[in-house]
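Scroll down for the structure; my scribbles are underneath it.
Derivation of every value follows stated rules applied to the coordinates shown; laboratory data play no part. All figures in this text were calculated on a predicted structure; none of them were measured in a lab. Note that each Cβ is placed from the backbone with ideal geometry, even for glycine, and that neighbours are counted across all protein chains shown.
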Ligand SMILES: Nc1ncnc2c1ncn2[C@@H]1O[C@H](COP(=O)(O)OP(=O)(O)OP(=O)(O)O)[C@@H](O)[C@H]1O
Ligand SMILES: [Mg+2]
């Protein structure tokens, strides 16, 4: 007798009706000639899924805080157990240094495994010594086989660090180490491991300036959090940014100074991003909000006449399109003609600003450079600027004004609404320049 599983069945391609007998017209949906022959048993129903009521009182998991407060903040007030974090950055920027320090800080609370496929154990050990992060609970390996690593770890450690995801491979996968399919396969295993054990896993990923998309950033949607370490390789300043975070706000940043003994946290970055002494023409100060923190910044511009070729506009730390728009706006509303001027803009300290609250400072800096005049010292400009030349309110004004005051700013020029104490409210960019030049009022 034929086994149940070997029997032939006919399935309606329209509505899914199943029958052991062929049918010309589907008795369920009435469509003609939709019967498709399939082999095998009508599958028994898969085991039922258990649903959790949304009122369920599952214990909330405590986030793990370390001695590295800035890192904790970027992760969203500490590390969420079972989370998978991708730490991406350019070559030599300091990914291994930062993660080794953080792994050591986490090791105060339990076992942390650091798996380095990039370097030999001796090399990792020499970095551990240089950074002074030796710990009993910090365990090192240079095995690159993900299956071997995951099956060797028996107890549930606090965290694993893979340095880097490009160097690990799964032997069951017939693809080159570092290829996208190999990285995906390993990440699937890592995510499953993290979710079932509650161990957090960090994956370091190299990205190149041009190959961002083809690199580990394709894993972005698979992980919980993506941290991005950036900075000018020649300067010691490094900025760690949360680009995606399922457990906390994005746009949170931490600032570090990379020294021989490791990454030094800079808990008060306004002091390095804003140069209060810089009062030459072309400078303007603003306060931007990055995540939960306000930062004072210095926008510098330089405008020079160019009658030979079409004018150049280059922005560092601000989107070029924003500079183009604000340059056109200055020409239109402020009686300054920049059509035949090259325009350069730099946000001091290597910060990348996306907050529209910096618009007014860009306008002020352009005006100051073009007119070769300086604003009274201790003036800050905060506000988004519309194409109509109006100054628009921005979020979190209280926090921005407080930061400006803390840093010694006397005159904050901003939108007239919302009304804030200690703020000179203006409606248009023209009024903003006028009020700034006339000093505090
Ligand atoms: N002995 C040392 N003294 C001071 N600084 C050092 C020393 N060794 C390395 N560095 C600094 O550390 C940087 C490399 O840091 P790290 O290895 O953490 O970066 P990475 O992002 O992991 O690099 P890679 O992309 O090669 O993995 C170097 O560019 C250098 O500035
Ligand atoms: Mg490295």
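Report the extension gain between residue 399 and residue 188 in nm, rounded to one decimal, defined as 0.36 nm multiplied by the number of residues separating them, less their alpha carbon distance. Don't jump to the answer; show the numbers that get you there.
Details: separation 211, 0.36 × 211 = 75.96 nm, distance 4.10 nm.
Difference between extended and current length: 71.9 nm.
Can you tell me the FRET efficiency between residue 181 and residue 119 if r is taken as the Cβ-Cβ distance and R0 is 22 Å, rounded to the nearest 0.05?
E between residue 181 and residue 119, to the nearest 0.05, is 0.35.
When only Cα pairs under 8 Å and 6 or more residues apart are kept, what is the percent relative contact order across the chain? Could you put the intermediate results ahead of the total?
Numbers: 932 pairs, mean separation 48.2, N = 441.
Taking the mean separation of contacting Cα pairs over the length of the chain, I get 11 percent.
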Does anyone have the angle between helix 180-197 and the longest principal axis of the chain? Alpha-carbon axes, 0 to 90°, nearest 10? 80 degrees
I'd like the orientation of helix 359-371 relative to the chain: the angle between its Cα long axis and the longest Cα principal axis, in ° from 0 to 90, rounded to 10. 40 degrees
Distance in nm between pseudo-label sites at residue 427 and residue 234 (7 Å out along the Cβ direction from Cα): 4.8 nm
Antiparallel %, DSSP beta bridges [both residues in the stretch 69-267], to 5: 35 percent
Rank-order 366-378, 170-182, 319-331 by packing density, defined as the average count of other C-beta atoms within 10 Å over each peptide's residues, highest first. 366-378, 319-331, 170-182
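Could you calculate the contour length gain from residue 19 to residue 268, that is, 0.36 nm times the residue separation minus the distance between their Cα atoms, to one decimal place in nm? Mind showing how you got there, number by number?
Details: separation 249, 0.36 × 249 = 89.64 nm, distance 7.16 nm.
Length gained between residue 19 and residue 268: 82.5 nm.
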Between the stretch 56-128 and the stretch 136-215, the alpha-carbon center distance in angstrom: 14 Å
Can you give the relative contact order of the stretch 177-325 as a percent, counting alpha carbon pairs under 8 Å and 6+ residues apart? 11 percent
Computed [θ] at 222 nm, deg cm²/dmol, the chain (DSSP H ≥ 4; -39,500 (n - 2.57); rounded to nearest 500): -7000 deg cm²/dmol
Once every Cα of the stretch 280-359 carries one equal point scatterer and solvent is ignored, give the base-10 log of I(q)/I(0) from the Debye formula at q = 0.18 Å⁻¹, two decimals. -0.75
The extension gain from residue 147 to residue 417, computed as 0.36 nm times the residue separation minus the Cα-Cα distance, is 91.3 nm
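Starting with the highest mean, order 237-249, 287-299, 129-141 by the number of other Cβ atoms within 10 Å, averaged over the residues of each peptide. Don't jump to the answer; show the numbers that get you there.
Working: 237-249: 18.8, 287-299: 23.2, 129-141: 14.5.
Ranking, from highest mean packing down: 287-299, 237-249, 129-141.
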If we sort 109-118, 301-310, 9-18 on the protection proxy, mean other Cβ atoms within 10 Å, highest first, what's the order? 109-118, 9-18, 301-310
0 to 90° range, to nearest 10: angle between helix 95-106 axis and the chain longest Cα axis: 70 degrees
Looking only at the stretch 271-437, where both bridge partners belong to it, what percent of the DSSP beta bridges are antiparallel (to the nearest 5)? 60 percent
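How many percent of Cα pairs in the chain exceed 42 Å? Let's see the in-between values first.
Working: 35980 of 97020 pairs.
Pairs farther apart than 42 Å: 37 percent.
Suppose R0 equals 30 Å; then what is the FRET efficiency for residue 57 and residue 196 from their Cβ-Cβ distance, rounded to the nearest 0.05? Present the calculation step by step, with values, prior to reporting the outcome.
Values: r = 22 Å, r/R0 = 0.73.
The value I calculate is 0.85.
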For the stretch 69-267, inverting the pair-averaged 1/r of distinct alpha-carbon atoms gives a Kirkwood value in Å of 16.7 Å
Only bridges with both residues in the chain count here: give the DSSP antiparallel percent, nearest 5. 50 percent
Relative contact order %, the stretch 69-267, counting alpha carbon pairs below 8 Å whose residues are six or more apart: 30 percent
